[in-house]
Amino acid sequence: MSGKIVVDSAVKPAPMGVWSQGVIVPSGARLLFPGGFTSRDREGNVVAPNDMAGQTRTILENLKAYCAEQGATLDDVVKVTVYVTDLTDWHAHHAVRREYFPVDPPASCLVQVVRLVEPRHVLEIDPVIMLPAEPDHG
């Protein structure tokens, strides 16, 4: 559906990674705030333990499937907050992210945390997804 509007700013520095400086959600769209995504398979097993690129790929594949289930695509992800346990590996995260968000990526915030709930997880992605307006049933 993506009707998001990417906003560039002359006062903010250019992004160092894969994100947009801002995103406007069009009037009438709904926002979905799912819980955070970590690198787990459908049975709950950790995938790619302690591997930033592998976990990023798993998370984004799971997010892509989740978006499809909700009638959206990755293009409809308007914002992500990314929690990592080691900022020195952020380039590996963005290399994979570039594959999934090649054009008009979501706005983003990246934060280092001491630890995630599962010690073998090195990142968690908390997305905001834009959904179409409710169908008019009346």
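Please report the spacing between the Cα centers of segment 95-117 and segment 27-61 in Å, no decimals. Cα centroid of segment 95-117 versus Cα centroid of segment 27-61: 11 Å apart. What the Kirkwood sum gives for the chain is a hydrodynamic radius of 15.6 Å, with every pair of different alpha carbons counted. Sorted from greatest to least, the principal axis extents spanned by the alpha carbons of segment 75-126 come out as 32, 18, 15 Å.
At a Förster distance of 30 Å, what's the computed FRET efficiency of T88 paired with V11, Cβ-Cβ distance as r, to 0.05? Between T88 and V11 the formula returns 0.55.
Largest mean-square fluctuation among V25, V122, V103, in a Gaussian network model of the chain whose springs join Cα atoms under 10 Å apart, belongs to V103. In plain terms, the residue of L110, L60 with the fewest other Cβ atoms within 10 Å comes first and the most crowded comes last, giving L110, L60.
Counting only alpha carbon atoms, the long axis of helix 90-100 and the longest principal axis of the chain meet at about 40°.
Computed on the Cα atoms alone, the convex hull of segment 1-66 gives a volume of 123 cubic angstrom per residue. Calculated FRET efficiency, V113 to A65, Cβ-Cβ distance, R0 = 22 Å: about 0.30 to the nearest 0.05. For the chain, take the longest principal axis of its alpha carbons; what is the angle in degrees between that and the long axis of helix 52-69, to the nearest 10 within 0 to 90? So the helix axis and the longest Cα principal axis differ by about 30 degrees.
None of the figures in this text is laboratory data; all of them are computed from the coordinates on show. Note that the coordinates shown come from a computational prediction; the quantities given were computed from them, not determined experimentally. Here the Cβ is made from the backbone with ideal geometry for all residues, glycine too, and neighbour counts use every protein chain on show.
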